[in-house]
Every structure is written in structure tokens, then in C-alpha cells.
Amino acid sequence: MSDIETFREEARAWLRENCPPSMRRPERGAPTPEVPFEPTWGGRKETFPNPEAKLWLERMAERGWTAPTWPREYGGGGLSKEQAKVLAQEMRSERCVPPLVGFGLTMIGPLLVEHGNEELKRRFLPEICRGEIRWCQGYSEPGAGSDLAGLQARAVVDGDQYVVNGQKVWTSYADSSDWMFCLVRTDPDVSKHNGITFLLFDMESPGVSVQPIKLISGNSPFCETFLEDVRVPRDQVVGAVNDGWTMAKALLGHERTMIGEAFNEAEARNEMVELARDYVGFENGRVADAVIRDDIARLTMDKVALELTLKKAKEAAKAGHQPGPESSIFKYFATELNKDRSALLVGILGPQGLGWEGEGFEANELDVTRRWLRSRGNSIEGGTSEIQLNIIAKRVLGLPD
Ligand SMILES: Cc1cc2nc3c(=O)[nH]c(=O)nc-3n(C[C@H](O)[C@H](O)[C@H](O)COP(=O)(O)OP(=O)(O)OC[C@H]3O[C@@H](n4cnc5c(N)ncnc54)[C@H](O)[C@@H]3O)c2cc1C
């Protein structure tokens, strides 16, 4: 047996033995009370949906498999990309839910692995791997979204600290996070991209306050974050002072790849066909409604095209090519595809797709309509679709302004 096949056998055996039953997704259908819909985000405020969620996190973290490819000395699994892929495949086939999710694993962690100094790596990466710290992202401001480099939150040096003043907005989960990674202006007298610094701070620091924003779906995943004379030690800068834009772009590359991959991974089975079977019906072994059948076929083909392109990018990553502007292609295509797919799922439900709770909306147990509403935000967060198209035009295709 090849090394990789030996690893597969070992990983499968370990998962079978160590993944608690309630941490496995049901074959099909809605999450049950035992299998939580909300994944574990970790951090000081985490309330685990059940004791097995905690146990599952602890077991995976001990093995370094919450962050499989990060170096072992920082709490990761030290796996090669190929081994990590095999582990992900085995987790999917064993229907194991991820033990931990969040911006620590997908955004700030990878940035620290690449660009953090030794002290920051040793301080934060093991905590991230163990799920002891939850992060939020302080990029957007009321006057700086697509034009992120126009941000105004100001950090001024005072001894060995920065004093930060300003406002962030659309800060996802700021109210349940422990730390923020953010962009602040440290030099207002140079061109806007050159006076930005990438800073980390504890959300419990005096002067930080958060205000949740309620959305159309009834959920409130966002906050406004106000920063008033917040004191941040100067050694909590990632990268060089005034070079935060380089860090911001590197992190956005990870964020966009993560968003693109999330929708690709999310649906191993074809939920569109499953729902159509139940709510539209089958005739002669195929979906009865020709228009819906056509839409399902088109979106399924698009998904396969995305999968193959992602696979190509992963091969390039194995050869040392880090995500660059190409991550905009995945971000754009995956989020637009997810919007189309979510809209089709609502259409398949028919009138039952018009609401999400109470009598008459039983079909919506899969949260189809809320997911459709949420999908609208996917093509805005991490940079809007229009901005991705601009990046693809300029930096991937080399088209003139
Ligand atoms: C679900 C969700 C989660 C988010 N989480 C976070 C978070 O955790 N942290 C954080 O910092 N931010 C977060 N955001 C904010 C997000 O990054 C911004 O909403 C986004 O960058 C767009 O900025 P804006 O809302 O200010 O829109 P604007 O920049 O004002 O854009 C408005 C419209 O104009 C278009 N537009 C703007 N400039 C151009 C241009 N040059 N060419 C063509 N069209 C253009 C845009 O595409 C958009 O349609 C989140 C947003 C969403 C929806």
C-alpha cells in the first residue's frame, strides 16, 4: 500500500473510533437536535450544543486536525496538502461535522502562518487550533467598503501602544468574538494604500463597544463596532507598520478562496434533485417539471466546472503558488452559483418557500428560504461581485482601465 493509502486507512479508523455519533450528519434531511445546525466556533463565549461537540473538538485538536496543514509546533497537524485532502474526504464519507469553524482557521491563522513573526505565531496559533479564541474581521467602515483603502479608523502611537479611534461596520459576529484583526490608518499623509497597518486586539479592551444589526432574515450576524481610545500594544501588528495593505490583500485571498470552496464543499449530495423528488415529483425516473429539470442540469454542470477549476488551483497551490487575484474567480463564480441554486431550491418548494416557520411551512425544515436570503450576502462579503469582476479584468486578464 502507498503511504497515502496507509494514511487514509489510519485516518478512517481513527475517525470511526473517535467521532461521537452526534457529531455525524444524518444521511439526509434536516439537522436533528443531536446534530447541531450551528457549528462550533470556539472562543471564550462558546456554549457547546452538547458535550460531544466539546469532546470532538478536543480529540481533533489534540491530533492537530482542526488545522491539518499547519506546522505541528503551532498546534497544527503537520499534514501535507495531499494528506489533508484525504482527511477531508474521509471526514465527508464518515459524515463527520467539522469540529471547529471560524475566521481563526480560515483567515487570520493562515495569514499568521505566512506573515506573522515567531512571537505572534506562538501566541495565537495554538489557541486557534484548540478553539480557545474566536476572531472577527474589522475591515469595513461606514465610508469604506469596496473602497477599503479609504478607511479612516485612526491609530496613533503613544509610547509602546497605539491609541485607536474610529468605527467599523458589518463586523460579522463581533458580539461573540474575543479578538479582532483590523485595518487602521497609521499615516494619513501618504497615499491611501500606504498608510494602513494590520492590528490585532482583544475585544474586551476598554473603549470597544458593539451594536448588533438585525437583517431581513431575522438573524443578526453583524455588528457596528465603535473604537474609542482603545489602547493596543505595538507588538500586536502583523507585518510591517504602514504595510497593512499587503496583509489585507493576502488575507482577502484566503477569505475569497474559503468562500469559494465553502459552497463547493457544502453539497456533496445533490440537494436540488432530492428536494425536487419530494416537492415536484418524478416521472419516468426524472424530475417531472421540464423547466426545473433544465435549471438543475445547468447548475449541476456549473458546479462541476467550478470543482474542476478549484482542483486545478489546488494543484498549483501544491506547487507553491499562493492564492492571488485568481481567488476572485472562485469567489465570484461560487457565490453567484450559490445564489442561483438557493433561488431554485425556494422555487422547488413552491408556496412553502414563502416563509420559514409556523403552520404550512413544514417543508422549510431545511431552512431553504433563510439560506436563500443569506445567499444574497455571499456576493457582497469579502468584496462584491462587481469588485471581483474588476479584479479579474485588470489583474487576471490584464485588460486596460
Ligand atoms: C454577509 C456579510 C458579512 C460581512 N462581514 C464582514 C466582516 O466580518 N467584516 C468586515 O469588515 N466587513 C464585512 N462585510 C462587509 C463587506 O465587506 C462590504 O459590505 C463590502 O465590501 C461592500 O462594501 P459596502 O457595503 O460599503 O458597499 P459599497 O462599497 O458602497 O458598494 C455599493 C455597490 O456599489 C458597487 N461598487 C462599488 N464600487 C464599485 C466599483 N469600483 N466598480 C463597480 N461597482 C462598484 C458595489 O459592487 C455594490 O453593488 C460583510 C458583508 C456581508 C454582506
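The values are calculated or read from the model by the stated rules, or taken from the named source; none is laboratory data. Please read all numbers here as calculations on a predicted model, not as lab measurements. Glycine gets a Cβ as well: all are built from the backbone with ideal geometry, and neighbour counts include every protein chain shown. Heavy atoms of the whole protein, side chains included, go into the accessibility calculation; ligands, DNA and RNA do not. Shrake-Rupley method; radii C 1.70, N 1.55, O 1.52, S 1.80 Å.
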If you count only protein heavy atoms with a 1.4 Å probe, what accessible area per residue comes out for the chain, rounded to a whole Å²? 49 Å²
Other residues with Cβ under 14 Å from the Cβ of residue 191 give, with Lys and Arg +1 and Asp and Glu -1, a net charge of -2
Just to check I understand the Karplus step: with θ = phi - 60° and J = 6.51 cos²θ - 1.76 cosθ + 1.60, what whole-Hz values come out for segment 156-168, glycine and proline as x? 10, 6, 9, x, 9, 10, 9, 10, 10, 9, x, 9, 10
Sequence gap at least 6, Cα distance under 8 Å: using those rules, report the relative contact order of segment 118-185 to the nearest whole percent. 40 percent
Strictly over 18 Å apart at the Cα level, which of 303/394; 331/394; 54/85 would you flag in this model? 303/394; 54/85
So who's got an amide H within less than 5 Å of the one on residue 153, skipping anything under 5 residues away but keeping other chains? H placed 1.01 Å off N, in plane. 167, 185
Heavy-atom accessible area ranking, 1.4 Å probe, most first, across 289, 278, 189: 189, 278, 289
Taking r as the C-beta separation of residue 10 and residue 189 and R0 as 56 Å, the FRET efficiency to the nearest 0.05 is 0.45
Please compute the net charge surrounding residue 174, taking Lys and Arg as +1 and Asp and Glu as -1 over other residues with Cβ under 11 Å from its Cβ. -1
Using a 1.4 Å probe on the protein heavy atoms only, what accessible surface does residue 154 show? Give it in Å² to the nearest 10. 80 Å²
What are the ³J(HN,Hα) couplings of segment 271-286, residue after residue, when phi is run through the Karplus curve with 6.51, -1.76, 1.60 and θ = phi - 60°? Round to Hz, x for glycine and proline. 4, 4, 5, 4, 5, 4, 4, 7, 10, 10, x, 10, 10, 6, x, 9
Accessible carbon and sulfur surface of the chain relative to its total accessible area, %, 1.4 Å: 52 percent
Amide H contacts under 5 Å for residue 213, restricted to residues at least 5 apart in sequence or on another chain and with H modeled in the peptide plane, are 222, 223, 224
What is the Cα centroid distance between segment 134-180 and segment 59-88, reported in whole angstrom? 31 Å
Any idea what Rg and Dmax come out to for the chain if you just take the C-alpha atoms, in Å? 22.0, 76
If you average the sequence gap of Cα pairs under 8 Å that are 6 or more apart and divide by the length of the chain, what percent do you get for the contact order? 12 percent
May I ask for the net charge around residue 342, where only other residues with Cβ less than 9 Å from the Cβ of residue 342 are counted and Lys, Arg are +1 while Asp, Glu are -1? +4
Förster-model FRET efficiency, 35 Å R0, residue 282 and residue 359, C-beta, rounded to 0.05: 0.80
Checked segment 1-146 with the C-alpha gyration tensor, a ≥ b ≥ c its square-rooted eigenvalues, rounded below a/c of 1.5, otherwise prolate if a/b is larger than b/c and oblate if not; verdict oblate
